[in-house]
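Notes follow the structure.
The values are calculated or read from the model by the stated rules, or taken from the named source; none is laboratory data. This is a predicted model, so every value here is computed, not measured. Quick reminder, even Gly has a Cβ in these numbers, built from the backbone with ideal geometry, and neighbours come from all protein chains shown. These accessible areas exclude ligands, DNA and RNA; they are computed on the full protein's heavy atoms, side chains included. Shrake-Rupley method; radii C 1.70, N 1.55, O 1.52, S 1.80 Å.
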Amino acid sequence: LSWFDWSLVQDLSSDGKWALFTEGGEGGGPSYSVYMRDLDGSPAVKLGDGGAMAISPDGKWVLSGDPHKLPEQIVLLPTGAGEPRQITNDSINHSRAGWFPDGKRIFFVGNEPGHGPRLYEQDLNGGSPRAITPEGFGTVADAVSPDGKLIYARRVSDGKWMMFSANGGEPKPIAGADPKLVIIQWASDGKSLYLADYEKTGTVYRLNLATAKQELWKEIVPSDPSGVGGIGPIHITPDGKSYVYSLYRNLCALYLVKGLK
């Protein structure tokens with residue numbers, strides 16, 4: 001599904017039809033480019049400049065940002081008819097964002113000048129962002145539970161995963177979540193999480209939150225493993241029926257020279 005020279009997947013629509021990715025190489029231009037592509041392999045559609053973040057629950061909007069412009073702000077890009085709309089305009093550097101299930105709010109990882117990263121909630125209709133976590137936490141685009149009540153985050157200092165109420169309060173450690181693994185998203189039942197071991201190429205586990213039991217979900221292996229140095233990020237539909245991933249391939253050419261004198 002790659003388009004130009006550096007396609008990095010950032011999200012997968014919940015119906016498993018569209019992949020969202022950033023073109024960050026020469027083909028993406030100086031500000032990068034945001035693309036969506038149908039998983040049937042039809043041509044990719046450019047939505048705008050910047051880096052891709054997440055697809056809205058209804059598939060009509062995409063969150064994006066331009067990491068070359070600091071502090072980075074969040075822009076809504078339409079997937080159909082419509083105009084881009086910047087939804088943040090403050091001193092916070094917005095480095096990553098995702099959606100609440102209602103499609104009316106987003107969360108983002110951001111840091112104010114002189115402060116560490118934390119999670120915020122932002123209403124699409126405006127207003128000031130509300131801090132969800134204390135400083136020192138980051139997360140991924142699919143971190144909010146299906147009912148919109150919980151959000152997981154990773155503590156920067158030690159890599160431990162914590163569960164926060166989206167309405168505030170003290171967090172709880174996520175039992176069974178190995179700090180060496182990356183939680184990539186919720187399962188549709190709201191009772192389990194998908195975790196990836198990026199040190200072991202494409203190994204994905206499913207963690208039951210009630211029992212803290214972790215089971216192997218899938219070993220993702222490219223059809224051609226030649227030169228593959230790593231896989232990730234990985235994105236899975238909530239029902240577990242479809243997934244997309246980026247891989248890093250390093251290949252060298254071997255030449256034979258004859259007739260040397």
Hits in region 75-89 - residues which are outside any strand (DSSP E or B) and either loosely packed, with under 13 Cβ neighbours inside 10 Å or on the phi > 0 side of the Ramachandran plot (or both): 80, 81, 82, 83, 89
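Which of the residues belonging to region 31-58 are farther than 22 Å from residue 89 by Cα, without any contact (Cβ under 8 Å) to a residue 60 or more places away in the chain, part of a loop (DSSP other than H, G, I, E, B) and open to solvent by 30 Å² or more (accessible area, probe 1.4 Å)?
Filtering region 31-58 down to residues farther than 22 Å from residue 89 by Cα leaves 35-46, 57-58.
Remaining after also requiring without any contact (Cβ under 8 Å) to a residue 60 or more places away in the chain: 35-38, 40-46, 57-58.
Right, trim to part of a loop (DSSP other than H, G, I, E, B) and you get 40-44, 57-58.
The answer is 40, 41, 42, 43, 57, 58.
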Among (1) open to solvent by less than 60 Å² (accessible area, probe 1.4 Å); (2) without any contact (Cβ under 8 Å) to a residue 60 or more places away in the chain - the single one residue 155 does not satisfy: (1)
Test: residue in region 226-248 that is without any contact (Cβ under 8 Å) to a residue 24 or more places away in the chain, open to solvent by 70 Å² or more (accessible area, probe 1.4 Å) and either aliphatic (A, V, I, L, M) or assigned to a strand (DSSP E or B) (or both): yes
Region 119-148: number of residues that are touching a Gly at 6+ places or on another chain (Cβ under 8 Å), open to solvent by 20 Å² or more (accessible area, probe 1.4 Å) and among the hydroxyl-bearing types (Ser, Thr, Tyr): 0
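Given the options 195, 181, 216, 209, name the one that is modelled with pLDDT of 90 or more, open to solvent by 60 Å² or more (accessible area, probe 1.4 Å) and of a type outside the set (Ser, Thr, Tyr). Spell out the reasoning first.
Details: 195 fails: open to solvent by 60 Å² or more (accessible area, probe 1.4 Å); 181 fails: open to solvent by 60 Å² or more (accessible area, probe 1.4 Å); 209 fails: open to solvent by 60 Å² or more (accessible area, probe 1.4 Å).
Checking each option against the conditions leaves just 216.
Could you tell me whether residue 168 is assigned to a loop (DSSP other than H, G, I, E, B), at pLDDT 95 or above and open to solvent by less than 60 Å² (accessible area, probe 1.4 Å)?
Details: assigned to a loop (DSSP other than H, G, I, E, B): yes; at pLDDT 95 or above: no; open to solvent by less than 60 Å² (accessible area, probe 1.4 Å): yes.
Judged against the criteria, residue 168 is not a match.
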Per-region count, region 58-73, residues over 14 Å from the mean Cα position of the chain (by Cα), under 19 Å from residue 37 (Cβ atoms) and of a type outside the set (A, V, I, L, M, F, W, C): 3
Number of the exception - residue 23 against (1) in contact (Cβ under 8 Å) with a residue 24 or more places away in the chain; (2) closer than 19 Å to residue 232 by Cβ; (3) among the charged types (D, E, K, R): (1)
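I'm trying to understand the selection: among the residues of region 59-91, which are hydrophobic (A, V, I, L, M, F, W, C) and more than 17 Å from residue 121 (Cα to Cα)? Outline the logic, then answer.
Step one: list which residues in region 59-91 are hydrophobic (A, V, I, L, M, F, W, C), which gives 61-63, 70, 74-77, 81, 87.
Within region 59-91, 61, 70, 77, 81 qualify.
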